[in-house]
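The values are calculated or read from the model by the stated rules, or taken from the named source; none is laboratory data. Being a predicted model, the structure only gives us computed values, none of them experimental. For neighbour counting, all protein chains shown are included, and Cβ atoms are generated from backbone atoms with ideal geometry for every residue, glycine included. Accessible surface is based on the protein model in full, side chains and every heavy atom, while ligands, DNA and RNA are left aside. Shrake-Rupley method; radii C 1.70, N 1.55, O 1.52, S 1.80 Å.
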Amino acid sequence: MSRIQELFQKKKSKVLNVYCTAGYPELNSTVTILKALQESGADLVELGMPYSDPLADGPVIQASSTRALENGMNLSVLFEQLKDLRKEIHLPVILMGYMNPILQYGFEEFCKTAAAVGVDGLILPDLPEYEFETEYGAIIKKYGLDFIFLVTPETSDERVHKLDELSSGFLYAVSSSATTGKDKDFNAVEGYLQNLQTKKLKNPILVGFGIKDKETFQSACKYANGAIIGTAFIKALDGVEDIQLTTKKFLQNII
Amino acid sequence: MIREMKKEITFQHPNEQGYYGSFGGAYIPEMLHRNVEELKEKYLDIMYEPSFQKEFQLLLKDYVGRPTPLFLAERLSKEFNASIYLKREDLCHTGAHKINNTIGQILLARKLGKTRIIAETGAGQHGVATATVCALKGMECIVYMGEKDIERQAPNVARMKMLGAKVIPAMSGSKTLKDATNEAIRDWINNPVDTHYIIGSVVGPHPYPDMVARFQSVISEETRWQLKEKTGSELPTHVVACVGGGSNAAGAFYHFLDELSVQLVAVEAAGHGVYSGMSAATTQLGKPGILHGSKSLVMQTEDGQVVEPHSISAGLDYPGVGPLHANLFKSGRGTFLSATDEEALQSAFHISKTEGIIPALETAHAFAVLGKLNLKTTDKVVVCLSGRGDKDLATYMTAMGI
C-alpha cells in the first residue's frame, strides 16, 4: 500500500493537501517548507515542478514558477534537494508539473528517480488519458507511483468513472472549470461535489481550485475527503522572511 | 473542398488521435477536454455539411475576394531563370491568408452554439482577421496579444479596436505570441461553455492543426486549377512558403503534400542567424516536446523550458511549429530553409521594386531563399505571398532611415 493510500485509510475526512512550488520563494526553501507543513498539520504535500508555460495554472502560481526558474530550479536540482527527503518527512509527497520538462529529463528516468527519493505520486495535467493508457501509465506503475487524474464539472459521468479507474491515491476534483486561483461561488460547487459523492468511486476525492481559507476548506470537506490549497499559500509565502512561522500561521487559519 | 479520409499513408491528414507521424496529439488539461472533444467529434461533419460549405464558399468569394490571383512575376522569373508564380493571398480582405481560417471557424463556432470568440495574435494579422469575422457575424471578440507585440504592431491593434474587439495584453512570461496563446487557453479554461477559441495557426491540440490546414487548403486548391489554366499542368516543381506556426505553408502545400514530385520549401526565420541565439528557426533548433497542447518540435532549454525566439517579423516569432510541418521535416518530405532578419528586409525591398508588391515581413522570408534553390528554366515555382506589408511600414521606414 502506498503512503497516500495509507493516509486515506487512517483519515477519511478533512484531509489537507497543500501545494507549493519547488524553488519558491527561495531556491533552497523547498525542504524547509515541507518540514514546516509537516509540523503544522498538513496531511499531504503537492510539490510543483516549475515550467515556463503552465497552462492549467493561474497568474499567481505561474509567477511563482517563473521566480523558481529564475532561482535556478530544475528537475536535477529538485531531486538533489529531495535526496534525504525520507529521513525527516513522513507526509506523502506528490510532484505536480507539465510533460515537457519531464520528457527532456527522460520520462522513465524521472519516475525512477522520483520513486527512489521517496516521492509517492504524480499529477501531470497535460498528460491525457489516451497517452497515459498507451505509453506512460505502465512506466508510472512500474516504479510504484500513484497517478492522480483531474475531473471537472464538465467531465461526463462515464469519463469520471474511467479516470477514477485509471487513478490511484485519490481523484482531484477541480471545483469548477477554471485555472488555479480564481474565486468561486461555493454554492454551485457543492451541488457538483454532492453529485460526485453518489458515484461510488474507488478513490477518495480531494477538491482543488478556489480553496483559500477556513470557510472554503470546510465547505469543500463537507462533500469530499479533503481539499487542496495552492494559490493562497503561494501568496502567503511571497516576500516573507520566516517561512516556518508563515507556514504555521497559514495552516492555523485553515485547520 | 472534398472531404477525404485516405487510409494509406498521407502527409495531409493526422490519424484519429491527431498524430502526423510522431507529432501531434492533444496534450490538454482535463478542463479543456470537453471543448476539444466536442470539436474533434463534430468538426468534419460540420465543415462538410452542404449548408456550411455553401455559406463558407460564398463568403470566401464575395467577402474575402477569392479566388486570389496566381500571378506570373516576369521580372523575378527572369532574375531567377525559372517561372515564378505568386499566389496573391495579400489581396485577401484584411491583407493576409489568415481570414480563410477565421471565416471557417466563425461559421463552425456558430454551428456549435458558441457566442463568444477568443483568439491569440502575434503580428496582429490573425487578431484582425478574427475581429473582422466577429464584426461580420455580430459576435463578442476578445484578442490576447503579447504586451511587446502590442507595442510593435500598433496599427493592427487600432484595427482590432475599430472592429469592436477587446485587445487584452498578455503580461506573463516573455509577453509575446507564446504567452498570448497561454492566456487565450486560460480564458477558454475559465469560460468552457459559451466560448470558442479560434487558433490562428496549424498548432494546438488535435483537431486544430487539421482543421486550420483544411480551411487554409483553399490556397493550394486554387493554385492547382490556376496552374492548369496557365501552364497545362496542375503541378509546380516547387512551392515556397514562410513558416512560423505554419498556416499559410500548410494551405499552400496541402493539395501537393502527397504529390511527391513537388518540392515543398518551408522557410523559417533565422533572426540574427540560426545559431546566433536570436532566432526562430524551430526545426533547426528545436527538439521534440509539448507546447500548447501538441507534441512537435519546440525550441527549449536542456531542462525543457520553452525559450523565447527572435525574429524581426512578429508572425514568425514562435518557438514551436505545427505538427504537420514537424512531420514534413522529420520525414524529409519538406525542405526546410531559413532567412535572417537582414535577408528578409533586403528581399522585401527587392520584391517591392521588382514587382510593385510590398510584402509582409513574414512573406519576405519566403522570397529570400529563391536564390538558394538552384532553379532551372523549366522549373515552375509557386511562392505563397501570404500577406501585404502595410503593417510593417514602421520597420521598413526604420530600415530606410526615414
With every protein chain present, what accessible area does A:His90 have (1.4 Å probe, heavy atoms only), rounded to the nearest 10 Å²?
130 Å²
Tell me, what % of the accessible area of the protein assembly as shown is carbon and sulfur with a 1.4 angstrom probe?
51 percent
Beyond 21 Å, the calculated P(r) of region B:229-350 holds a percent of Cα-Cα pairs equal to 39 percent
Per residue of A:59-65, other chain Cβ atoms within 10 Å number on average 2
Over 32 Å between Cα atoms, which of B:Lys61/B:Lys353; B:Lys40/B:Lys330; A:Lys248/B:Lys295; B:Lys111/B:Lys178; B:Lys295/B:Lys353; A:Lys87/B:Lys295 qualify?
A:Lys248/B:Lys295; B:Lys295/B:Lys353; A:Lys87/B:Lys295
In square nanometres, what is the average projected area of the Cα convex hull of region B:4-121?
10.9 nm²
Note down the Stokes-Einstein diffusion coefficient of region A:3-252 in µm²/s, whole number, using a Kirkwood radius over alpha carbon pairs, 20 °C, and 1.002 mPa s.
119 µm²/s
At 1.4 Å probe size, what's the solvent-accessible area of B:Val274? Round to the nearest 10 Å².
30 Å²
Would you give the gap between the C-alpha center of region A:1-64 and the C-alpha center of region B:13-87, rounded to a whole Å?
43 Å
How do B:280-292, A:157-169 rank on mean C-beta neighbours within 10 Å, highest first?
B:280-292, A:157-169
Per residue of A:149-161, what is the mean number of Cβ atoms on other protein chains within 10 angstrom of that residue's Cβ?
3
Longer than 19 Å from Cα to Cα, which of A:Lys162/A:Lys212; A:Lys112/A:Lys141; B:Lys78/B:Lys372 are they? Say none if no pair is.
A:Lys162/A:Lys212
Per-residue HN-Hα couplings for region B:127-139, Karplus 6.51 cos²θ - 1.76 cosθ + 1.60 at θ = phi - 60°, whole Hz, x for Gly and Pro?
x, 5, 5, 6, 4, 4, 6, 5, 5, 4, 9, x, 10
On average over all directions, what projected area in square nanometres does region B:54-193 have, based on the convex hull of its Cα atoms?
10.2 nm²
Show the residues, 5+ positions off or on another chain, whose built amide H is closer than 5 Å to the amide H of B:His310.
B:Ser279, B:Ala280
Hz values of 3J(HN,Hα) by residue in region B:183-190 - Karplus curve (6.51, -1.76, 1.60), Gly and Pro given as x
5, 5, 4, 4, 4, 5, 4, 7
Residues whose placed amide H lies under 5 Å from that of B:Ser338, excluding near-sequence neighbours:
B:Glu268
Derived scalar couplings ³J(HN,Hα) [region B:144-150; Karplus, 6.51 cos²θ - 1.76 cosθ + 1.60; whole Hz; x for Gly, Pro]:
8, 9, x, 4, 5, 5, 4
Hey, can you grab everything whose amide H is under 5 Å from the amide H of B:Cys242? Only 5+ residues off in sequence or another chain; H modelled, so Pro and N-termini drop out.
B:Val267, B:Ala366
tail above 35 Å in the computed P(r) of the protein assembly as shown, as % of all Cα-Cα pairs, reads 42 percent
Global form of chain B, assessed from the alpha-carbon gyration tensor, a/c cut-off 1.5
rounded
What is the average number of partner chain Cβ atoms found within 10 Å of a Cβ in A:94-105?
5
Suppose we look only past 14 Å in the calculated P(r) of region B:194-284. What percent of the Cα-Cα pairs does that tail hold?
69 percent
Going by a 4.7 Å Cβ-Cβ cut-off, which cysteines of the protein assembly as shown have no partner at all?
A:Cys20, A:Cys111, A:Cys221, B:Cys92, B:Cys242, B:Cys384
Dipole of the protein assembly as shown, positive end: most advanced residue of B:Val212, A:Gln38, B:Ile106 [Cβ charges, Cα centre]:
B:Ile106
What Kirkwood hydrodynamic radius do you get for region B:121-223 when you take the inverse of the mean 1/r over all pairs of distinct Cα atoms, in Å?
14.2 Å
Return the ratio Rg/(2.2 N^0.38 Å) for region A:25-114, where Rg is computed over Cα atoms only.
1.07
